[in-house]
Amino acid sequence: NGGGVAFIGLGNMGAPMAANLVAAGHDVTGFDLVPELLARAGEGGVRPAGSAAEAVAGAGTVITMLPGGRHVLDCYRGEGGVLAAARPGTLFIDCSTIDVADARAAAEAAVAAGHRAADAPVSGGVVGATAAKLTFMVGAEEELLPEVERVLAPMGARVVHCGASGAGQAAKVCNNMILGVSMIAVSEAFVLGERLGLSHRALFDVASTASGQCWALTANCPVPGPVPASPANRDYAPGFASALMAKDLGLAVEALKATGTAAELGPHAAGLYAAFAEGAGADRDFSAIINAIRERSEA
Ligand code: NAD
């Protein structure tokens with residue numbers, strides 16, 4: 001395809017991802033609306049551009065890592081949008097976590113403008129982005145895969161092709177609905193165990209090797225002790241902030257509505273995290289939801 005990589009959105013995730021592309025020898029031009037973030041990326045070897053349109057002018061690939069669907073669609077199609085500014089046939093890869101419908105709309109607009117497009121949301125957080133250990137969930141036509149994989153490889157440990165346009169976002173929203181619900185289930189079980197006189201260690205030793213086993217328990221354990229690396233051991237400093245979990249479950253609720261899916265627990269979990277993220281959990285890891293369960297329990 002030729003040309004360098006344009007990287008739009010150099011925030012918590014975008015900055016380390018762009019740095020890993022630079023480290024792998026890519027010619028990376030970047031843009032972010034926040035001048036300080038653009039300057040910091042520049043110090044790391046990203047060539048700073050004055051606008052998104054300027055960043056994509058000489059690019060063969062455009063990667064976006066923006067907060068939400070509105071930002072991606074505005075960046076693609078809005079005034080000074082990158083679809084109009086890029087040269088024909090540019091490969092657009094959106095790595096943001098956005099609504100499935102927005103992802104499909106973004107890809108359709110890219111194709112209509114003579115480009116090629118993939119959605120590739122990630123799992124692994126800032127730690128994974130920094131260590132180049134992200135998992136990418138890709139929605140794209142089969143023939144784009146080799147090129148998409150080549151671009152994403154320096155930033156990730158795994159690239160999973162999930163299907164056509166939007167399928168990456170679909171996989172992400174389903175996975176995070178499992179995660180959100182299972183963290184609440186694990187937290188409720190620990191609080192019940194406490195009230196039944198069961199030690200955290202005993203419940204962990206049983207459930208982690210029995211049918212209650214899941215990532216929320218064995219990697220992100222909501223009580224301190226059994227899993228030393230889990231956020232519970234550092235006063236729930238994120239990790240994966242409850243506000244981000246609330247955002248992702250909001251996308252799940254939209255997808256459930258759009259598809260008429262009769263889910264009960266996903267929407268319920270979405271409501272619990274939304275309330276938690278607006279209150280005590282604002283800057284805490286999502287596993288701190290266990291504290292909200294304790295607080296609501298009878299004295
Ligand atoms: P962030 O807010 O730190 O970064 C987003 C950046 O986009 C900001 O710096 C913002 O200034 C910039 N931006 C917004 N609109 C722009 C525009 N039109 N042009 C240029 N720059 C623009 O967010 P983040 O934590 O890096 O997350 C990015 C995406 O990745 C989100 O969709 C998030 O849900 C997803 N994600 C985050 C994590 C995580 O742990 N942080 C994990 C997985 C997925």
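The values are calculated or read from the model by the stated rules, or taken from the named source; none is laboratory data. This structure is a prediction, so every number in the text was calculated from the model and none was measured. Don't worry about glycine lacking a Cβ; one is built from the backbone with ideal geometry, like all the others, and counts go over all protein chains shown.
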Q | Candidates Gly4, Gly45, Gly50, filtered to the one that is surrounded by fewer than 15 Cβ atoms within 10 Å (Cβ to Cβ), more than 9 Å from the ligand (Cβ to nearest atom) and modelled with pLDDT of 95 or more | A | Gly50
Q | Asp27, sole failed condition from (1) away from the ligand (no atom under 11 Å from the Cβ); (2) acidic (Asp, Glu); (3) without any contact (Cβ under 8 Å) to a residue 12 or more places away in the chain | A | (3)
Q | Of all residues in segment 7-24 being in a loop (DSSP other than H, G, I, E, B) and aliphatic (A, V, I, L, M), the one that is farthest from the ligand (Cβ to nearest atom) | A | Ala24
Q: Go through segment 121-132 and give me each residue that's within 13 Å of the chain's Cα centre (by Cα) and either away from the ligand (no atom under 11 Å from the Cβ) or free of Cβ contacts under 8 Å to residues at least 40 places away in the same chain (or both).
A: Gly124, Val127, Gly128
Q) Looking only at segment 59-108, which residues are surrounded by fewer than 24 Cβ atoms within 10 Å (Cβ to Cβ), within 14 Å of the ligand (Cβ to nearest atom), assigned to a helix (DSSP H, G or I) and not hydrophobic (A, V, I, L, M, F, W, C)? A) Gly69, Arg70, His71, Asp74, Arg77, Asp102
Q. Out of curiosity, is Val111 surrounded by fewer than 22 Cβ atoms within 10 Å (Cβ to Cβ), more than 11 Å from the ligand (Cβ to nearest atom) and hydrophobic (A, V, I, L, M, F, W, C)?
A. yes
Q) Which one is surrounded by the most Cβ atoms within 10 Å (Cβ to Cβ), of the residues in segment 133-161 that are within 16 Å of the chain's Cα centre (by Cα) and of a type in the set (Val, Ile, Thr)? A) Val138
Q.
Anything in segment 114-129 that is at pLDDT 95 or above and surrounded by fewer than 19 Cβ atoms within 10 Å (Cβ to Cβ)? List them, or say none.
A. Gly114
(Q) I'd like to verify a number: residues in segment 256-272 that are within 26 Å of Pro67 (Cβ to Cβ) and either over 19 Å from the mean Cα position of the chain (by Cα) or surrounded by fewer than 20 Cβ atoms within 10 Å (Cβ to Cβ) (or both), how many? (A) 10
Q. So how many residues does segment 111-126 have that are under 16 Å from Val138 (Cα atoms), in contact with a Ser or Thr (Cβ under 9 Å, 6 or more places away or on another chain) and of a type in the set (A, V, I, L, M, F, W, C)?
A. 3
Q: Inspect segment 237-246 for any residue being more than 17 Å from the chain's Cα centre (by Cα) and more than 16 Å from the ligand (Cβ to nearest atom) and give the result as yes or no.
A: no
Q | Exclusive hit being more than 26 Å from Val126 (Cβ to Cβ) and among the β-branched types (Val, Ile, Thr), set Ile289, Ile293 | A | Ile293
Q) Among the residues of segment 162-180, is there at least one that is more than 11 Å from the ligand (Cβ to nearest atom), farther than 23 Å from Leu265 by Cα, more than 14 Å from the chain's Cα centre (by Cα) and of a type in the set (A, V, I, L, M, F, W, C)? A) yes
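Collect the residues in segment 25-58 that are part of a loop (DSSP other than H, G, I, E, B) and acidic (Asp, Glu), keeping them in residue-number order.
The answer is Asp27, Asp32.
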